[in-house]
Ligand SMILES: Nc1ncnc2c1ncn2[C@@H]1O[C@H](COP(=O)(O)OP(=O)(O)OP(=O)(O)O)[C@@H](O)[C@H]1O
Ligand SMILES: [Mg+2]
């Protein structure tokens, strides 16, 4: 549905002849009906990637195709398949109501929309009470919902959502996850960028983590979670006779004592290492109280990739 190949976008650096690589050789492909999440710290290049895909930024080099149509060579035809919510609150006309915005943005796409359809979309987003209020009088979260409503009203096959849950309250953010899953079931393909790890855990099929303009990992979410699940262990030892020095000698650090229990967190690069550690405990007569796999959350995965560039 979307193919980005070797995308490069640089900007002049202030007070220097060098250029800053906002996006540095990024390639990615979105399959039909998948939810693909772009993750990355501030300034990683997510918005630049999304703006390039929707034709708002002309890249220095690289190719972008929407359903096989080049955005650079055949812009109008390619962009007919996508609608977008950009980050920030510049997606709407502030002097118009949500209903008027929907009618206007559908109109410039040459799409007519019935009033009842527009109301239904606003209802789905919990915004029907404010449908005739001027956008500039709405709260930040309501404006975000109105922007999402305009995007949905276009009824395109592909949705690009840059930070869609920014400004939404907890309930709205949870409802938004359900909405995304519903849209996927209706056949939509969704590319979203976010800092909201709960959203990624709840909805994404695949995840690309960006750092400094590059994709450092692109993987199915399930596989990423499995990979990390296999690594983290929490081991509890009985402390009778077991000293801190002994554990340090065995190469184990970061332990914590609580009563007669010593707790250690291990992050292993392979599950095999665990056998060696258990063998060391046996040889040193250290009693194991319990071994548990640690739960992973996306935050951990994210930090691990963005701090070092590799897990
Ligand atoms: N118009 C511009 N002129 C100069 N530099 C820019 C411009 N737009 C973006 N950049 C720079 O490009 C880099 C990538 O920015 P981008 O907005 O794509 O990051 P992001 O991943 O969306 O970050 P965030 O999570 O904060 O939204 C940043 O270093 C940013 O300062
Ligand atoms: Mg951004």
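The values are calculated or read from the model by the stated rules, or taken from the named source; none is laboratory data. Computed from a prediction, not measured in an experiment: that's the story for all the values here. When we count neighbours, we look across all protein chains shown, and the Cβ atoms used for this are built from the backbone with ideal geometry, even at glycine.
Observations, loosely collected:
- Residue 173 being within 16 Å of ligand 1 (Cβ to nearest atom), in the same structural domain as residue 202 (by TED's automatic domain parsing), under 27 Å from residue 53 (Cα atoms) and assigned to a helix (DSSP H, G or I): no
- Verdict on residue 121 being away from ligand 1 (no atom under 16 Å from the Cβ) and over 25 Å from the mean Cα position of the chain (by Cα): no
Yes/no matrix, rows are residues, columns are (1) touching a strand residue (DSSP E or B) at 6+ places or on another chain (Cβ under 6 Å); (2) surrounded by 19 or more Cβ atoms within 10 Å (Cβ to Cβ):
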position: 23; (1), (2): yes, yes
position: 28; (1), (2): yes, yes
position: 41; (1), (2): no, no
position: 44; (1), (2): yes, yes
position: 59; (1), (2): yes, yes
position: 79; (1), (2): no, yes
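- Those residues of the range 203-220 which are touching a helix residue (DSSP H, G or I) at 6+ places or on another chain (Cβ under 7 Å) and away from ligand 1 (no atom under 16 Å from the Cβ), in sequence order: 203, 204, 205, 206
- Residues located in the range 205-238, provided they are on the phi > 0 side of the Ramachandran plot and in contact with a strand residue (DSSP E or B) (Cβ under 6 Å, 6 or more places away or on another chain): 213
- Restricting the search to helices (runs of 4 or more DSSP H) fully inside the range 60-152 and requiring at least 3 residues that are under 25 Å from residue 8 (Cα atoms) gives 75-79.
- Lone qualifier among 213, 187 - being over 9 Å from the mean Cα position of the chain (by Cα), in the same structural domain as residue 125 (by TED's automatic domain parsing), surrounded by fewer than 22 Cβ atoms within 10 Å (Cβ to Cβ) and touching a residue at least 60 places away in the same chain (Cβ under 8 Å): 187
- Boolean, residue 200 is within 16 Å of ligand 1 (Cβ to nearest atom), in contact with a helix residue (DSSP H, G or I) (Cβ under 6 Å, 6 or more places away or on another chain) and assigned to a helix (DSSP H, G or I): yes
- Members of the range 259-293 that are under 32 Å from the mean Cα position of the chain (by Cα) and under 11 Å from residue 237 (Cα atoms): 264, 291
- In the set (1) surrounded by 17 or more Cβ atoms within 10 Å (Cβ to Cβ); (2) over 25 Å from residue 177 (Cα atoms); (3) modelled with pLDDT under 95; (4) within 16 Å of ligand 1 (Cβ to nearest atom), the condition left unmet by residue 64 is number (3).
- Residue 174 out of contact with any strand residue (DSSP E or B) (no Cβ under 7 Å at 6 or more places or on another chain) and farther than 30 Å from residue 258 by Cβ: yes
- If only residues of the range 23-43 that are touching a helix residue (DSSP H, G or I) at 6+ places or on another chain (Cβ under 8 Å) and at pLDDT below 95 are counted, the one that is farthest from residue 156 (Cα to Cα) is 41.
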